[in-house]
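Reading through the C-alpha cells given below for one structure.
What follows draws every value from the coordinates through simple rules; no lab data is involved. Only a predicted model underlies this, so the values are computations on that prediction, with no experimental measurement involved. Glycine gets a Cβ as well: all are built from the backbone with ideal geometry, and neighbour counts include every protein chain shown.
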Amino acid sequence: MPSISLSRSNFPFLTRTDWRTSIQWSHGELYSALLSSSFVRVSERGIWWCVTCQLPTDSFWLHKPERLPCVPAHDVLCEVSASANYSSVMRLFPSTHVLVPADMRVLSTPHDSTNAGKLWTAVAKGYQGAESSRFVVFGNFNYDVSLCDLVHSKLDFVFYPQLNQVSWRQRNHAVWNSVIETVLLCLIVLFLFTRVCHNLTNMIQGTTRVFDWYTFSTMLVVVCASFDACQHNDFVAEERLLTFCLQVYSLLNLCALFCTFVSALGSSALRASTPQARWCACCSFSQHICKTRTTLPS
C-alpha cells in the first residue's frame, strides 16, 4: 500500500518528511491517487491509499460509522458541507491557509449524538495553542481540519473519492497500546521465522524437535493476547486476514510442538518398567521443568 510519512514540525499543514513540502491535493501524486484509489486515509502516522484493496474492516472502526458527504474542492482533500444542524463548512487539510473561528463554541451543538455532531464536537475541543499557526478569524463559522487535529485530537480520516464520502474515528487509547500491538506482532513473526529455520535444520540433520517449555508458554500467551490487541490497527481486510493467518499458524505450530512432546514423553514412560524409571523418564524429557532427577521414596 503506497504511503507518505508526515512531519510534525510544520504545523498546521500536512508536510512530507522527505521533501519538506506541503501536501497538494489539486495536482501531483496525491491528485492521481484521488482519481484512481478506492480510499485515501489520513492520520498522524501518514497518508495511505490503495487501488485494489478492499474497504476498511469493521474491527478498525469498532462500530460501523455513518459516512459524511464530502465533496471535492480546490486545494483541500474534500469539504464537508453544511447540514440541517450545522450551517458551518468543514474543509479537510487545506494546502494554503488554515482558518478557524475565534469562538470554538459555535462549532458544537449540545446533545447532538449524530456522527457529524460528534466530529464537530471533537474538533471544537481540539488544541488551540498559538504555535499551531492557524489563522483565527472573527465572525468565521467554518473550520479547517489540519495537522493539529491529527496530532492533538488523535483524529483519523478515510476519504472515498468515488463516493464523495468520508469516515472518521478518534483514537482514545494510549501510545503504549500501539507499542504493545507492534511488539506482539514482531514476536509472532520472529517465532514463525525461527520455527521454520529449526524445522529445516532438523530435516537436513535428521534430528528431532527439542521441546522448550519457556518458549511454548511465552508464545502461547503472546498469540492469545494478540487476538484482542492487534485487531484495532488492521485497516484493510487484507491486513486483518494476514494477521489472522499468522495467529492461526502460530497456534498450530505450538500445538504440533506440544503434541510431539507429549507423544515422546508417553512412549518413554511406557517403556519404563518401574515407577522410579517412569519418573526419571519424565524428568529427562522435561529438562526445562525438572532440572535434576529426583529419587522417589519406596
Legend entry - Förster radius 30 Å - calculated FRET efficiency between residue 252 and residue 179, Cβ distance, rounded to 0.05: 0.65
Legend entry - Distance-filtered residues of segment 28-54 - backbone nitrogen under 11 Å, label point 7 angstrom along residue 96 Cα→Cβ: none
Legend entry - Chain lengthening between residue 262 and residue 74 when straightened (0.36 nm per residue, less Cα-Cα): 61.0 nm
